[in-house]
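**Student:** Handing you this structure, nothing more for now.
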Amino acid sequence: MRRLLLLRHGKADRHSAGGDRQRPLTRRGMEDARRMGEYLRDADIVPGLAVASDARRAKQTLDQVLDAFPGHVTHLIENTIYLATVDHLVEILRQTPDKVATLLAVGHNPGFAELAAWLAGSGAAEDLALMRSKFPTAALAMLDFESDHWGDVGRGGARLARFVTPGILRGEATEDPD
């Protein structure tokens, strides 16, 4: 089995003098990313590899998540994740080494929301509906594949095991889609 953890970056400032790639996380974005890391740690879900976009907000999100784990998690920055299409994200996913059972990817919408919807062929109806209706900042889609090879990943081939948002972890019924 393979598990993909698709995590949208945390809430970021609207503007940066350095342009869109340099927008930092807001305080809430940092807290939500930290909370997601704690959620994964507490659920004993440890990625074998973590990959993030080269945008500042994605790298900061990754740092906050990884800080929750007591041990080192191998991670890398992939500049082609930034504003990538579903087709490109699938190609990156298929290149993941098979020795990685659980992959954490930190990136952006609309690509991550579209990828999650493209991959998820089954799962709890409520989770699927929520994920397909909104994929807010710091939201996490946990997708499980029966295959032993990342190269076999295809449309509808995953089961959405969980869809978690910071608002859900805070006990809020609704949340800001940004």
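**Student:** Quick check on this structure: which one of Phe135, Phe163, Phe112 is within 25 Å of Ala12 (Cβ to Cβ), without any contact (Cβ under 8 Å) to a residue 60 or more places away in the chain and in contact with a Leu (Cβ under 9 Å, 6 or more places away or on another chain)? It would help to see each step written out before you state the result.
**Tutor:** Working: Phe135 fails: without any contact (Cβ under 8 Å) to a residue 60 or more places away in the chain; Phe112 fails: without any contact (Cβ under 8 Å) to a residue 60 or more places away in the chain.
Selected residue: Phe163, the only one of Phe135, Phe163, Phe112 that is within 25 Å of Ala12 (Cβ to Cβ), without any contact (Cβ under 8 Å) to a residue 60 or more places away in the chain and in contact with a Leu (Cβ under 9 Å, 6 or more places away or on another chain).
**Student:** Please determine, by comparing only the residues of segment 3-54 that are surrounded by 22 or more Cβ atoms within 10 Å (Cβ to Cβ) and among the basic types (Lys, Arg), which one is nearest to the chain's Cα centre (by Cα).
**Tutor:** Arg8
**Student:** What residue, among those in segment 65-90 that are of a type in the set (Asp, Glu) and modelled with pLDDT of 95 or more, is surrounded by the fewest Cβ atoms within 10 Å (Cβ to Cβ)?
**Tutor:** If we take residues in segment 65-90 being of a type in the set (Asp, Glu) and modelled with pLDDT of 95 or more, then Asp87 is surrounded by the fewest Cβ atoms within 10 Å (Cβ to Cβ).
**Student:** Six or more apart or on different chains, Cβ atoms under 7 Å: show the pairs whose first residue is in segment 82-102 and in contact (Cβ under 8 Å) with a residue 40 or more places away in the chain and closer than 15 Å to Phe145 by Cα and whose second is crowded, with 17+ Cβ neighbours inside 10 Å and of a type in the set (S, T, N, Q).
**Tutor:** From residues that are in contact (Cβ under 8 Å) with a residue 40 or more places away in the chain and closer than 15 Å to Phe145 by Cα, there are no pairs.
**Student:** Among Ala141, Ala129, which is the only one that is free of Cβ contacts under 8 Å to residues at least 24 places away in the same chain and either touching a Phe, Trp or Tyr at 6+ places or on another chain (Cβ under 8 Å) or in a helix (DSSP H, G or I) (or both)? Don't jump to the end; show me each part of the working.
**Tutor:** Details: Ala141 fails: free of Cβ contacts under 8 Å to residues at least 24 places away in the same chain.
Testing whether each residue is free of Cβ contacts under 8 Å to residues at least 24 places away in the same chain and either touching a Phe, Trp or Tyr at 6+ places or on another chain (Cβ under 8 Å) or in a helix (DSSP H, G or I) (or both) leaves just Ala129.
**Student:** Take Asp98 and tell me if it is in a helix (DSSP H, G or I) and among the charged types (D, E, K, R).
**Tutor:** For Asp98, the condition - in a helix (DSSP H, G or I) and among the charged types (D, E, K, R) - is not met.
The values are calculated or read from the model by the stated rules, or taken from the named source; none is laboratory data. What you see is a predicted model; the values in this text were computed from it and never measured. No Cβ is skipped: glycine too gets one built from the backbone with ideal geometry, and neighbour counts run over all protein chains shown.
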